[in-house]
Amino acid sequence: MIEILHHGATAGVTGSCHELTLTPEMKKGSDPAGSGSAGMRLKKGSDLVGSGPRFASDSRSAGMLLKKGSDPVGSGPRFASDSRSAGMLLNKGSDPVGSGPRFASDSRSAGMLLKKGSDPMGSDPNFMPSSSAGILIDCGLFQGQDEGRGASASDLSIDFPVDHIRALVVTHVHIDHVGRIPYLLAAGFEGPIICSEPSAVMLPEILEDALKIGFTRDRRLIERVLGLIRSRLVPVPYGQWHSVFSEGDSSLAVRLQRAGHILGSAYVECDARVGDVEERIVFSGDLGAPHAPLLPAPESPERADRLVIESTYGDKDHEDRETRRYRLKAVLEHALADGGTVLVPAFSIGRTQELLYEIESLIYEFGGVPLKKGSDPTGSDPDFNANSESAGKLMKMGSDPMGSDPSFTWESLEIVVDSPLAAEFTRIYRDLKPYWDAEATELVRTGRHPLSFEQLTVINSHEDHLNAVDYLARSHRPCVVLAGSGMCAGGRVVNYLKAMLGDERNDVLFVGYQAAGTPGRDILTYGPRSGWVKLDEECYTIKAQVHQVGGYSAHAGQSDLLRFVEGIPEAPSEIRVVHGDLEAKEALRAKLEGLLPESKVLIPE
């Protein structure tokens, strides 16, 4: 039997997690635990890094054969990749999880990783591992009101069995697709983490930030968890089949193809065999829009007997790239006309880099065109010190702080990225230029730097961040600030919102999806009505202007999704619509049913 299960949000777009499990027919008198590698799973009460039989892969590319009794990052063979971009070998002899059973900490927040008395194998004294073997596709964090079948944003524990899970396949490193990986490890998962080569570079970075925010500031504990994650990574090139397991009557191989969503994103093709039954099952992950900058557009799979497809924007289309680019220009010009700050809540990966790319192109095209006549960058604040360190972050050498220039042009517009994580991922994007599309590569060849241009300022330290918030809230200097998180549920954007929502000179520009129950959704809903939003348990009146340019979503629109499915030479026998609000799922299902009457289209409960 080849079975697809869904462990993500029952409604909404976060907490993405799917399972593909293969179960052979049991022959009379057979051993349910099996004599092959299917019988090599955790026994009840086993230690995550103990001495029991461990994951072994026949695939040479995995390079992660762990001998019985070995430490996953100890003296045995460890993760090794020929890809220079991976560069993440752990030092011989290091112990990422300490000497005790699993990674546990006296820190109350870190203790969330392992619930007191939790048993990853369940409480059944007669527990026996099954003969099933499977993989997970993503294991993401829930946000806002989204919740799964037994987990939610407030309870992120793994609520499904993992003893038979042989590998985790990561489609991309957004937190709603990878945020529960530490919990998965704590629940007893011992297999490899398969992902694209760029994702292997970025995954530890995004999880380090998540651990700092959600679990603990204990540097030693964080390094242990990250060390364990690095030891499990198996980077796989796009377009190359990778065997997960092959024993007896069952085998499973996966292949990653470019999804165009963010750098390193992939959709997953799975070739599954149980006895005489063979199937190609495709998990879309998050698909990108064809006109998105920086990344090549996704191409349809050559075959999909069954398809699991996202539906974030299953009920609407985005503007074309040229339209959205000029809409962005118009919003910025309007917002900056009164000397306020344009605050853009943006995800650190993908959205920030695309916006920088587009803003650089606007500055390049309209460099000398005035944004505002007679602007006074310092306003009337007598306490502003143009020589202070924080001011220097916002005012480049050669600018006139007293506003004597009668024209404020695009060339003089300051763009601030106030997010250490976004800055780090922007650097990684620059380092991984071989994965850019032809247009972006050509810009670099001509001498332009779309992710590192003169008007761009990056704020790293917390002190500089607080100074920037205070200065921009008091000044009349036009500025565009990109800060996380994208849904305003945390991060530095919250301090900007607290300081600036009450001033009608300022603007908030949303360029991505806002999940129900997040502050971003509330600002988008109630801002135009001069309503309020709750931030850190306090209510803030919204006087700032609120805008949305939906075309900058990193997700495919409805027509893009339909085009992806239509491009499959033979229609899938079954299509499962997931990862979207109910209205979006139902709209996409209706379109697919009309387009492919021979396919069974369903929305999993």
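Structure values in brief
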| item | result |
| --- | --- |
| So Gly527, is it outside any strand (DSSP E or B) and surrounded by fewer than 24 Cβ atoms within 10 Å (Cβ to Cβ) | yes |
| Cross-chain or 6+ apart pairs with Cβ under 6 Å, segment 533-552 first and at pLDDT 90 or above, then among the hydroxyl-bearing types (Ser, Thr, Tyr) and in a strand (DSSP E or B) | Val533/Tyr540 |
| Any chance Val480 is under 18 Å from Ala335 (Cα atoms), among the hydrophobic types (A, V, I, L, M, F, W, C) and open to solvent by 10 Å² or more (accessible area, probe 1.4 Å) | no |
| Flag if Glu278 is open to solvent by 10 Å² or more (accessible area, probe 1.4 Å), among the acidic types (Asp, Glu) and within 23 Å of the chain's Cα centre (by Cα) | no |
| Number of the exception - Asp503 against (1) within 30 Å of Tyr238 (Cβ to Cβ); (2) more than 25 Å from the chain's Cα centre (by Cα); (3) of a type in the set (D, E, K, R) | (1) |
| Failed condition for Arg492, given (1) surrounded by fewer than 22 Cβ atoms within 10 Å (Cβ to Cβ); (2) closer than 30 Å to Glu197 by Cα | (1) |
| Selection from segment 267-296 of residues that are at pLDDT below 95 and touching a Leu at 6+ places or on another chain (Cβ under 9 Å) | Gly288, Leu294, Leu295 |
| Some residue of segment 301-310 being closer than 30 Å to Glu25 by Cα, more than 22 Å from the chain's Cα centre (by Cα) and not in a loop (DSSP other than H, G, I, E, B) | yes |
| Enumeration of residues in segment 201-259 that are touching a Leu at 6+ places or on another chain (Cβ under 8 Å), under 21 Å from Leu421 (Cβ atoms) and among the charged types (D, E, K, R) | Glu205, Glu208, Asp209, Arg230 |
| Tally of residues being in contact with a Cys (Cβ under 9 Å, 6 or more places away or on another chain) and either of a type in the set (Asp, Glu) or in a strand (DSSP E or B) (or both) across segment 264-281 | 4 |
| Residues of segment 530-550 that turn out to be open to solvent by less than 30 Å² (accessible area, probe 1.4 Å) and assigned to a loop (DSSP other than H, G, I, E, B), as a count | 4 |
| The one condition in (1) touching an Asp or Glu at 6+ places or on another chain (Cβ under 9 Å); (2) in contact (Cβ under 8 Å) with a residue 40 or more places away in the chain; (3) part of a strand (DSSP E or B) that Arg576 fails to fulfil | (1) |
| Evaluation of Leu451 against (1) more than 25 Å from Leu535 (Cβ to Cβ); (2) within 21 Å of the chain's Cα centre (by Cα); (3) open to solvent by 10 Å² or more (accessible area, probe 1.4 Å) (one fails), failing number | (3) |
| Odd one out for Leu355 among (1) open to solvent by 10 Å² or more (accessible area, probe 1.4 Å); (2) of a type outside the set (Lys, Arg); (3) in a helix (DSSP H, G or I); (4) at pLDDT 85 or above | (1) |
| Output for segment 334-352, where each listed residue is open to solvent by less than 50 Å² (accessible area, probe 1.4 Å) and among the acidic types (Asp, Glu) | none |
| Matching residues in segment 495-518 - criterion: being open to solvent by 20 Å² or more (accessible area, probe 1.4 Å) and over 25 Å from Glu358 (Cα atoms) | Asn495, Lys498, Ala499, Gly502, Asp503, Glu504, Ala516, Gly517 |
| Filter pass, Val469 being aliphatic (A, V, I, L, M), open to solvent by less than 50 Å² (accessible area, probe 1.4 Å) and within 28 Å of Gly288 (Cβ to Cβ) | no |
| Test: residue in segment 236-245 that is under 17 Å from the mean Cα position of the chain (by Cα) and not small (Gly, Ala, Ser) | no |
| Residue match in segment 322-338 (condition: under 26 Å from the mean Cα position of the chain (by Cα) and not in a helix (DSSP H, G or I)) | no |
| Residue identified as in contact with a Pro (Cβ under 8 Å, 6 or more places away or on another chain) and either closer than 28 Å to Ile206 by Cα or part of a strand (DSSP E or B) (or both) among Gly490, Gly486 | Gly486 |
| Of all residues in segment 552-605 being of a type in the set (Asp, Glu) and under 20 Å from Leu5 (Cα atoms), the one that is surrounded by the most Cβ atoms within 10 Å (Cβ to Cβ) | Asp581 |
| Some residue of segment 478-493 being at pLDDT below 95 and over 20 Å from Leu421 (Cβ atoms) | yes |
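Here is a yes/no grid of residues against (1) under 18 Å from Gly339 (Cα atoms); (2) open to solvent by 50 Å² or more (accessible area, probe 1.4 Å); (3) modelled with pLDDT of 90 or more; (4) part of a loop (DSSP other than H, G, I, E, B):
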| site | (1), (2), (3), (4) |
| --- | --- |
| Asp381 | yes, no, no, yes |
| Lys396 | yes, yes, no, yes |
| Asp405 | yes, yes, no, yes |
| Phe408 | yes, no, no, no |
| Arg427 | no, yes, yes, no |
| Glu442 | no, yes, yes, no |
| Asn460 | no, yes, yes, yes |
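The values are calculated or read from the model by the stated rules, or taken from the named source; none is laboratory data. Computed from a predicted structure; not experimentally measured. Counting neighbours? That spans all protein chains shown, and the Cβs are built from the backbone with ideal geometry, glycine included. Side chains included, ligands, DNA and RNA excluded: accessible areas come from the protein's heavy atoms. Shrake-Rupley method; radii C 1.70, N 1.55, O 1.52, S 1.80 Å.
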